[in-house]
Amino acid sequence: MPFKAKDRIVFIGDSITDKGRKKDPLKLGSGYVRLIHDYLTAVYPQLGLKIINEGVSGNRVIDLEKRWTLDVLDHQPQWVSVSIGINDVWRQLDSPDAEQVYPDKFEAVYSKLLEQTKQIPDCRAILMQPTVIKEYPNATGNQLLRPYVDIVNRLAEQYDAVIVPTHLAFVDFIRLETGQDLTTDGVHMNPLGDMLMATTWLKAVVGSTIGARH
């Protein structure tokens, strides 16, 4: 088990992480963060883990940069789980005239945030690959997303972070052609999509970090 008693785990990201957290009495929302919280609480109740959801709908990595101090550093967490990249690509499709976050900028800003996180004693990052844009692997959005997935993988290795292969998990599921959707609109999760995110996270984090605290 990678977690210690009273560990704080901050989840930060966009609407996929947010999932209505402000309307939830526990401020966790109804998505993958809530599923992870409920699993860890049920299986490891003795640890008293503190799960904090700081997802904000519409966010790109440049938005995380603006609120990183308040929503991550000030919590002094032992773990910070980041899920970002979908809107950085989606804005290129639905708002082509807006200021864009292309891969070079995405990597530079993301790296800066991870550097800042090193200021927190005994904190380790968990980097979730951005999931999908439309539920077929060769969609334009998914083609544009691939460099961002590669960047997340590279940053995880560079910063000794846990990598959560959510993009790979979604693409593998879609290729099985089960006839079951993972999203409501190609981006936002339905309950099955949230479950796939949560189980992929739990497998990566609980499995790969045993005995690997830094």
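Quick rundown of the values:
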quantity: Largest-first principal axis extents, alpha carbons of the chain, Å; calculated: 45, 37, 33
quantity: Local electrostatic count at T183 - Lys and Arg +1, Asp and Glu -1, tallied over other residues with Cβ under 14 Å; calculated: -3
quantity: Residue-count net charge about S30 - beta-carbon cut-off 12 Å; Lys, Arg +1, Asp, Glu -1; calculated: +2
quantity: Cross-link table K23/K112; K27/K203; K4/K203, entries beyond 29 Å C-alpha to C-alpha; calculated: K23/K112
quantity: Hz values of 3J(HN,Hα) by residue in segment 118-123 - Karplus curve (6.51, -1.76, 1.60), Gly and Pro given as x; calculated: 5, 5, 7, x, 6, 10
quantity: DSSP beta bridges in the chain [antiparallel fraction, %, rounded to 5]; calculated: 5 percent
quantity: Rounded FRET efficiency, nearest 0.05, which uses the C-beta distance separating Q100 from Q46 and R0 of 41 Å; calculated: 0.30
quantity: Long-range amide H partners of K134 with built H, under 5 Å; calculated: V187
quantity: Separation of alpha-carbon centers, segment 34-84 and segment 108-166, rounded to whole Å; calculated: 15 Å
quantity: Residue-span extension gain [I62 to M1] - 0.36 nm each, minus C-alpha spacing; calculated: 18.6 nm
quantity: Note, ³J(HN,Hα) from phi for segment 71-83, Karplus 6.51, -1.76, 1.60, rounded to Hz, x at Gly and Pro; calculated: 9, 10, 4, 5, 6, 6, x, 8, 9, 10, 9, 10, 10
quantity: Listed residues I16, I52, I62, most fluctuating in the chain (Gaussian network, C-alpha, under 10 Å); calculated: I62
quantity: Point-charge dipole on Cβ atoms (K/R +1, D/E -1) for the chain, about Cα centre, debye to 20; calculated: 700 debye
quantity: Residues with amide H under 5 Å from that of N190, placed H, sequence gap 5 or more; calculated: T183, T184
quantity: Sum of -39500 (n - 2.57) over DSSP H runs of 4+, divided by residues of the chain (222 nm, nearest 500); calculated: -14500 deg cm²/dmol
quantity: For segment 37-96, alpha-carbon Rg and Dmax in angstrom; calculated: 15.0, 49
quantity: Amide H contacts of D7 (H built 1.01 Å from N, under 5 Å, at least 5 apart or other chain); calculated: K50
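The numbers here are math on the coordinates, done by the rules we state, and not lab data. The shown structure was predicted, so the numbers you read here are calculated from the model rather than taken from an experiment. Counting neighbours? That spans all protein chains shown, and the Cβs are built from the backbone with ideal geometry, glycine included.
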